[in-house]
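The block underneath contains the structure these notes are about, expressed in structure tokens.
The values are calculated or read from the model by the stated rules, or taken from the named source; none is laboratory data. Keep in mind that what you see is a predicted model, and the values were worked out from it rather than measured. Note that each Cβ is placed from the backbone with ideal geometry, even for glycine, and that neighbours are counted across all protein chains shown.
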């Protein structure tokens, strides 16, 4: 079959590779001048540092099949994300752990003592947290919430934490030991040579053609037996019902001779610091050595029509509009919507790859039995 895949990021590459290996003819187009989507990496010509051009991407997963898949196309080296945060004139470790608690309160508590202490300062009157703020107050209390979460969240999302759902904070654990590894998955690492060569290797198949700086035109679908769309869901319909809301990021790049901050990621929790964090890219490749350094100050704001969409907002208004676009999509034959933008969901890389593998598998099994490919493998709702 002839398959058109719109987007040369992880979703398009993984689906395309699987279908190509099964003998299908895959045409992948992307409006950008490079493959890889927001995972794109490149060497900084000035310093030689491997740059995460659209912000840091750290690979972590418990899915062994996904881990084996990415290691088929590149070499992953060990990397653990150890995030620091500057708050109220001091530097602490995140996520909140025993060291953070002892340092912040000037104590030397053991794990059981710290657990009892946090229980005492937490607002246990909040039985079923509904908002981000209630979730934080319920589990860590006001002091830790205001130091590490409130200001950062206001900057990141552009609204009060009282307006955000509690589910956003459920991904951030509190640890009563000294483990400062930001993630807790079995498999964690970075591709030795960056993500771009990995995606190049996935796309390297005789049944795959890649066309960059090529925007989708509806007539292209007429030449394909099926379309996989990994662009914005609302963009497929030319935003006819309005635009789904996103947060975007602005990066202020600067260089430094030597080591600027001693870690890959430094958050800034205070509201009066305009940026959310500084990332120092050479620390994402600790097996390399560079005298110079490249850093990004990261600013979050509401996405405008010409901005790169990063984080789907998914508040009540957006979910209402989303449901209307899902209805439109389900009434559109021959198209499957995939990935972060195509399903309007925040997805880590491993989940994106898993869903792409499952999508390709569904296509192959359905084609062999004459079944129609579903519009969504995972419902955006």
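Which of the residues belonging to the stretch 161-179 are surrounded by 17 or more Cβ atoms within 10 Å (Cβ to Cβ) and within 16 Å of the chain's Cα centre (by Cα)? Give the derivation first.
Taking the stretch 161-179 as the starting set, the residues that turn out to be surrounded by 17 or more Cβ atoms within 10 Å (Cβ to Cβ) are 161, 164, 166, 168-169, 174-176.
Matches in the stretch 161-179: 168, 169.
Working carefully through the options 370, 334, find the one that is modelled with pLDDT of 95 or more and at positive phi. If you could, list the steps in order and put the result at the bottom.
Details: 370 fails: modelled with pLDDT of 95 or more.
None of the others qualify; the one that does is 334.
What is the number of the single condition among (1) farther than 20 Å from residue 249 by Cβ; (2) without any contact (Cβ under 8 Å) to a residue 60 or more places away in the chain; (3) part of a loop (DSSP other than H, G, I, E, B) that residue 162 does not meet?
(3)
With the stretch 12-83 as the region, which strands (runs of 3 or more DSSP E) entirely inside it contain at least 2 residues that are farther than 30 Å from residue 1 by Cα?
On the way: elements: 25-29, 41-43, 50-52, 59-61, 76-78.
Filter on the stretch 12-83 gives 41-43, 50-52, 59-61, 76-78.
Each row is one residue, and each column tells you yes or no for (1) in a loop (DSSP other than H, G, I, E, B); (2) buried (at least 16 other Cβ atoms within 10 Å of the Cβ).
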{"residue": "239", "(1), (2)": "yes, no"}
{"residue": "247", "(1), (2)": "no, yes"}
{"residue": "250", "(1), (2)": "no, no"}
{"residue": "254", "(1), (2)": "no, no"}
{"residue": "271", "(1), (2)": "yes, no"}
{"residue": "295", "(1), (2)": "no, yes"}
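Of all residues in the stretch 358-372, which are over 28 Å from the mean Cα position of the chain (by Cα) and in a helix (DSSP H, G or I)? Explain how you work it out, then say what you get.
Filtering the stretch 358-372 for residues over 28 Å from the mean Cα position of the chain (by Cα) gives 365-372.
Passing the criteria: 365, 366, 367, 368, 369.
Confirm whether residue 182 is in contact (Cβ under 8 Å) with a residue 40 or more places away in the chain and buried (at least 20 other Cβ atoms within 10 Å of the Cβ). If you could, list the steps in order and put the result at the bottom.
Details: in contact (Cβ under 8 Å) with a residue 40 or more places away in the chain: yes; buried (at least 20 other Cβ atoms within 10 Å of the Cβ): no.
No, not satisfied.
From (1) modelled with pLDDT of 95 or more; (2) in contact with a strand residue (DSSP E or B) (Cβ under 9 Å, 6 or more places away or on another chain); (3) in a helix (DSSP H, G or I), pick out the condition that doesn't hold for residue 205.
Single failed check for residue 205: (3).
Go through (1) in contact with a helix residue (DSSP H, G or I) (Cβ under 9 Å, 6 or more places away or on another chain); (2) on the phi < 0 side of the Ramachandran plot for residue 262 and report which single condition fails.
In the conditions (1) in contact with a helix residue (DSSP H, G or I) (Cβ under 9 Å, 6 or more places away or on another chain); (2) on the phi < 0 side of the Ramachandran plot, residue 262 misses (2) alone.
In a helix (DSSP H, G or I), farther than 24 Å from residue 14 by Cα and modelled with pLDDT of 95 or more: which single residue out of 317, 327, 355, 304 fits that description? Give the steps one after another, and end with the answer.
On the way: 317 fails: modelled with pLDDT of 95 or more; 355 fails: farther than 24 Å from residue 14 by Cα; 304 fails: in a helix (DSSP H, G or I).
Unique residue meeting the criteria: 327.
In the stretch 273-293, which residues are assigned to a strand (DSSP E or B) and either surrounded by 20 or more Cβ atoms within 10 Å (Cβ to Cβ) or under 19 Å from the mean Cα position of the chain (by Cα) (or both)?
First pass over the stretch 273-293, keeping only residues assigned to a strand (DSSP E or B): 277-280, 292-293.
The answer is 277, 278, 279, 280, 293.
Within the bounds of the stretch 211-227, is there any residue that is part of a strand (DSSP E or B) and within 30 Å of residue 60 (Cβ to Cβ)? Give the derivation first.
Filtering the stretch 211-227 for residues part of a strand (DSSP E or B) gives 211, 226-227.
Within this subset, residues satisfying the condition of being within 30 Å of residue 60 (Cβ to Cβ) are none.
Within the stretch 211-227, none of the residues are part of a strand (DSSP E or B) and within 30 Å of residue 60 (Cβ to Cβ).
For the stretch 152-172, indicate whether the set of residues that are over 21 Å from residue 301 (Cα atoms) and modelled with pLDDT of 95 or more is non-empty.
Checked against the condition, which is being over 21 Å from residue 301 (Cα atoms) and modelled with pLDDT of 95 or more, the stretch 152-172 yields no hits at all.
Give me the residue from the stretch 297-325 that is crowded, with 20+ Cβ neighbours inside 10 Å and over 17 Å from the mean Cα position of the chain (by Cα) and, out of that set, farthest from residue 92 (Cα to Cα).
Filtering first and then ranking leaves 325.
Just checking, which of 139, 148, 104, 117 is part of a helix (DSSP H, G or I), over 22 Å from residue 275 (Cα atoms) and touching a strand residue (DSSP E or B) at 6+ places or on another chain (Cβ under 7 Å)? Working first, answer last.
Working: 139 fails: touching a strand residue (DSSP E or B) at 6+ places or on another chain (Cβ under 7 Å); 148 fails: over 22 Å from residue 275 (Cα atoms); 117 fails: touching a strand residue (DSSP E or B) at 6+ places or on another chain (Cβ under 7 Å).
Sole residue among the options that is part of a helix (DSSP H, G or I), over 22 Å from residue 275 (Cα atoms) and touching a strand residue (DSSP E or B) at 6+ places or on another chain (Cβ under 7 Å): 104.
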